[in-house]
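Q: One structure, as structure tokens, below. Some questions next.
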Amino acid sequence: MINFQKQQLKNEIKDYIAIAVGVALYSIAWAFFLLPYGIVAGAVTGLSAIIFYATKIPIENSYLVINICLLIIALKVLGIRFLFKTIFGIVSLSIILKFFRNIATNDNGELIQMLGPGQEFMSLIIGSCIMGIALAIVFLNNGSTGGTDIIAAVVNKYKDISLGRVLIIVDFCIIGSCLFFPQFGDMVQRANKVVFGLCTMAIMNFMLDYVMNARRESVQFLIFSNKYDEIAKAIGTATAHGITMLNATGWYTGNDMKVLCILAKKRESVTIFRLIKLIDPNAFVSQSSVIGVYGNGFDQIKVKVSKENEEKK
């Protein structure tokens, strides 16, 4: 029991460290690549950026105030357990973003354009990619940066609308609001802001999905070897994965044999191949990608069951 609690504490500490790293990358993307070029984006950070461009109110201040309001709503609706890592993400983002924004500001109080003038689109691409990677790190470690995530969770609790759809609607509204700020120039310049904002959202979401899917990607091994028992013990010990032993018969030889079937994360592939090669270099191995693996240490099954099906059950 004590070892289990220690492991849980270790995992929690790792999560918080990873969230802090993700938040730092997210802040770097805004402070060095997006804010200096006047680029907007979705979510509460994007709304805070629009407020900053229009009023010069520091982005971290409006970000914190908006999130505090959302947290009060979420506390009533979603409960305290949902909020711990969200609060950590919000507070750390406000502090780290202020730190990097100060570094990126010159003596005249203007933000330094890292790539030089006229490099808006290149800066957008780099900043969006960094943001996508940063958010993936945060989400993969059970964290959140608050903001529109909270809105989506609240709406999803009362309405049968997917989180993704809510986030897209909210982000479109935030980015589209640029059209109503005369501080951004004439209608053509405002439309330019909106187009750049939509590009930012598209690239960021692409990178977010890419990193998260790559991290979660699983593979299936079929291992044919006379030393199946040794290989199974070694892989089971090294990866803590369950192993299924299948009975097989060779069509040509007619010999009975055992085949090991293993489902593992793609990042564990090298470890598994090394163990197989150490024990039986002549083993026949088939590796294939699988679209999804659910349960027992992999992803959770996240589909809604209708009330009708529950009643039938």
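Q: Which of the peptides 62-73, 231-242, 46-57 is most tightly packed, and how do the rest follow, going by the mean number of other Cβ atoms within 10 Å of each residue? Before the final figure, lay out the partial values.
A: Values: 62-73: 17.5, 231-242: 15.6, 46-57: 19.3.
Listed from highest to lowest mean packing, they are 46-57, 62-73, 231-242.
Q: Counting only other residues whose beta carbon sits under 15 Å from that of ILE175, what net charge do I get with K and R as +1, D and E as -1?
A: Values: positive: ARG190, LYS193; negative: ASP171.
Value of the local net charge: +1.
Q: Give the peptides 134-141, 282-289 in descending order of average Cβ contacts within 10 Å, highest first. Write out the running numbers ahead of the final one.
A: On the way: 134-141: 21.9, 282-289: 12.0.
Ranked from most to least packed, the peptides come out as 134-141, 282-289.
Q: Another one. To check my understanding: the extent here is largest minus smallest coordinate of the Cα atoms along each principal axis. What are those three numbers for region 237-288, in Å, largest first?
A: Result, largest extent first: 35, 21, 21 Å.
Q: Ignoring ligands, DNA and RNA, how do ASP15, ASP229 rank by accessible area with a 1.4 Å probe, largest first? The partial results should precede the final answer.
A: Details: ASP15 20, ASP229 75 Å².
Per-residue accessible area, sorted high to low, gives ASP229, ASP15.
Q: Considering only protein heavy atoms and a probe of 1.4 Å, how much of the accessible area of region 23-104 is carbon and sulfur, as a whole percent?
A: On the way: 2530 of 3290 Å².
The C+S portion of the solvent-accessible surface of region 23-104 is 77 percent.
Q: Hey, if you drop one equal point scatterer on each alpha-carbon of region 7-112 and run the Debye formula without solvent, what base-10 log of I(q)/I(0) do you get at q = 0.11, 0.13, 0.18, 0.25 Å⁻¹?
A: Values returned for q = 0.11, 0.13, 0.18, 0.25 Å⁻¹ are -0.38, -0.52, -0.90, -1.37.
Q: How large, in percent, is the carbon and sulfur part of the accessible surface of region 171-212 at a probe radius of 1.4 Å?
A: Solvent-exposed carbon and sulfur of region 171-212 make up 74 percent of the total.
Q: Moving to a separate point now. Quick one: accessible surface of GLU110, probe radius 1.4 Å, all protein chains present, in square angstrom to the nearest 10.
A: 110
The values are calculated or read from the model by the stated rules, or taken from the named source; none is laboratory data. What you see is a predicted model; the values in this text were computed from it and never measured. Virtual Cβ from ideal backbone geometry, glycine too; neighbours counted across all protein chains shown. When the accessible area is computed, the model is the full protein with side chains, heavy atoms only, and any ligands, DNA or RNA have been set aside. Shrake-Rupley method; radii C 1.70, N 1.55, O 1.52, S 1.80 Å.
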